[in-house]
1. Shape of the stretch 22-102 from its Cα gyration tensor (a ≥ b ≥ c, root eigenvalues): rounded if a/c is under 1.5, otherwise prolate when a/b > b/c, or oblate?
2. Once phi is turned into ³J(HN,Hα) by the Karplus curve 6.51 cos²θ - 1.76 cosθ + 1.60 with θ = phi - 60°, what whole-Hz value does each residue of the stretch 40-53 show in order, with x for glycine and proline?
3. Lys42's amide H: which non-local residues (gap 5+, or another chain) put their own amide H closer than 5 Å, with H modeled 1.01 Å from N in plane and none for Pro or chain starts?
4. Place a +1 charge on the Cβ of each Lys and Arg in the stretch 22-102 and a -1 charge on the Cβ of each Asp and Glu, then give the dipole magnitude about the Cα centre in debye, rounded to the nearest 20.
5. Given the options Ala86, Leu38, Val53, identify the residue whose Cα lies farthest towards the positive end of the charge dipole of the stretch 22-102 (+1 on Cβ of Lys, Arg; -1 on Cβ of Asp, Glu).
Amino acid sequence: MKKSLLTVAVVLGIASVSKAQTKIPPDIEKLLQKNTCLACHKVDTRLVGPAYVEVMKKKKYKPEQIVELIYKPNPKNWEGYPPMAALSNVPKDEALKIAKWISTLK
Ligand code: HEC
C-alpha cells in the first residue's frame, strides 16, 4: 500500500515535470526579458512573433542558426508576421544560451 502510494507520487512528479517543459528556466527567462524577446515571443503561443515551439516545429534550427537569426532575422521565413527587428546588441554568449534553449523546445 505504502509502495503504491509512492509509485503514484513518483508518476505524478514525472507528469508535472514533463508538463513544465514549456516553462522557461529562470536563468533563460532573465535573458529573454533583458533582451526584450518576451515583448514579442511566448514559448507556446503566438504573440507579435511566432511561439518558440512553433519555430522549432517548423524549422528545427541548430543553436548557431538561431543566433544568426537574432542578429539578422529573415522575415521571409514567417509570412503573415511583421518583420523582426535585428537585435545586434544582444551579447553573443546570451544569444547562444537563448538559442540553445530554444533548440531544445518541442
Ligand atoms: C519587436 C518584436 C520582437 C522582438 C523584440 C523579438 N522578436 Fe523574434 N520575431 C519577431 C517576429 C515578428 C518574428 C517573425 C518574422 C521574422 O522572422 O522576421 C520573429 C522571429 C523569430 C525567430 C524565428 C526566425 C526565423 O527566421 O525562423 C526566432 C528564433 C526569434 N524571433 C527569436 C527571438 C529572440 C531570441 C529574441 C530576443 C533576443 C527576439 N526574437 C526578439 C518579433 C520579435
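1. On the way: a/c = 1.36, a/b = 1.17, b/c = 1.16.
Taking the square roots of the gyration eigenvalues as a ≥ b ≥ c, the stretch 22-102 is rounded.
2. 10, 10, 10, 5, 10, 9, 5, 10, 6, x, x, 4, 4, 5
3. Leu47, Tyr52
4. Details: 15 positive and 9 negative charges, 38 e Å.
Once rounded to the nearest 20, the dipole reads 180 debye.
5. Val53
Just so you know, all these numbers are worked out from the coordinates, no wet-lab data involved. The structure displayed is predicted, hence computed values, not measured ones. Reconstructed Cβ throughout: ideal geometry from the backbone, glycine too, with neighbour counts over all protein chains shown.
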